[in-house]
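Notes follow once the structure below has been shown.
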Amino acid sequence: MAIPKKLTIGFMFFYLAVLIYLFLFLFVPEIQTAIIKSRQNLASITEGSNYIWALIISLIICFLGSASIGFPIPFPFVLFSLSNSIYLKYLNNGLILDEILKSSSFWFEIIGIALLGGLGSIIGEFTGYTVGYGAKKIAEETESDLLKNIDGFGKIILENKKRIPYYIFIFALTPLPDDILFLPLGMIKYPFWKAIVPGWFGKTITIMLYCMWPLLIALGLFATGGQSNDISSVITEALMLLITISVMFFIMIFDWNKYIDNRKRKKLEKSEV
């Protein structure tokens, strides 16, 4: 399958955008300070009764991140900021790291953000599913190699329907781009309600890891006397975004229909031996 020029240009644009953002953050002090300050301003969100706003923001930002089709919105930085503000709140209340780890209220707040974020994420995937549902007819009526290729990826998923919930869980759990899975699920008309539970479960675990990142940094640097910082969070966020874009690009350019034909031919050759 010939790679569409516009697709390549689009992905290169996002690659460059992320790399330029990371370069400016690391080497331009004024920009680094502005980005870190904007993240730290979120700390007031979890103070007192305002925690409800942290839940609402988690739900909305994760919904928007999943509802975006084609390229992911870098929403992890918001989750990093929300969870870091919770961590700082407990530090400011006089608790040390060990006491925070043993605090049930701390984990209750972190899990609350993860659950709402997971729910928002799986609801947002319905956008990609709906587009795929309508793209099936378009793929049949046009000569779009890209849509036919995505349809081929869907056929591979459909080979064993019992495994589809596991595929959904794995895509939700990892940096794999969910759109590239839900588009073909829509094209093969797989019931969306069956995707909610495994998708929500996987998304919640992933978001939980995002939310735990400031804490993991603190644990990793605790022995050397270091402290959690926003710089490592921004770098990690950018790297995860680059990985996600790379995986999405590979899935979209790989000729799945040719792969299916080759696999069928090899099976036929084996059966004739």
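The values are calculated or read from the model by the stated rules, or taken from the named source; none is laboratory data. Remember, predicted model here, so these are calculated numbers, not experimental data. We place every Cβ from the backbone using ideal geometry, glycine too, and count neighbours over all the protein chains shown.
Given the criteria more than 21 Å from the chain's Cα centre (by Cα) and modelled with pLDDT of 75 or more, does S103 qualify? For S103, the condition - more than 21 Å from the chain's Cα centre (by Cα) and modelled with pLDDT of 75 or more - is met. Quick check on the stretch 27-44. Is at least one of its residues at pLDDT 75 or above, among the aromatic types (F, W, Y) and either assigned to a loop (DSSP other than H, G, I, E, B) or surrounded by 15 or more Cβ atoms within 10 Å (Cβ to Cβ) (or both)? No, there is no match, as no residue in the stretch 27-44 is at pLDDT 75 or above, among the aromatic types (F, W, Y) and either assigned to a loop (DSSP other than H, G, I, E, B) or surrounded by 15 or more Cβ atoms within 10 Å (Cβ to Cβ) (or both). For the stretch 121-128, indicate whether the set of residues that are of a type in the set (A, V, I, L, M), surrounded by 21 or more Cβ atoms within 10 Å (Cβ to Cβ) and touching a residue at least 24 places away in the same chain (Cβ under 8 Å) is non-empty. Yes: the stretch 121-128 contains one or more residues that are of a type in the set (A, V, I, L, M), surrounded by 21 or more Cβ atoms within 10 Å (Cβ to Cβ) and touching a residue at least 24 places away in the same chain (Cβ under 8 Å). Of the residues making up the stretch 152-185, just one is under 21 Å from I253 (Cβ atoms), surrounded by fewer than 24 Cβ atoms within 10 Å (Cβ to Cβ) and in contact with a Ser or Thr (Cβ under 6 Å, 6 or more places away or on another chain), namely P175.
At pLDDT 80 or above, of a type in the set (S, T, Y), exposed (fewer than 14 other Cβ atoms within 10 Å of the Cβ) and at negative phi - does that describe any residue in the stretch 65-84? No, the stretch 65-84 has no match at all. Candidates are the residues of the stretch 107-150 that are among the hydroxyl-bearing types (S, T, Y) and assigned to a helix (DSSP H, G or I); the one that is modelled with the lowest pLDDT is Y133.
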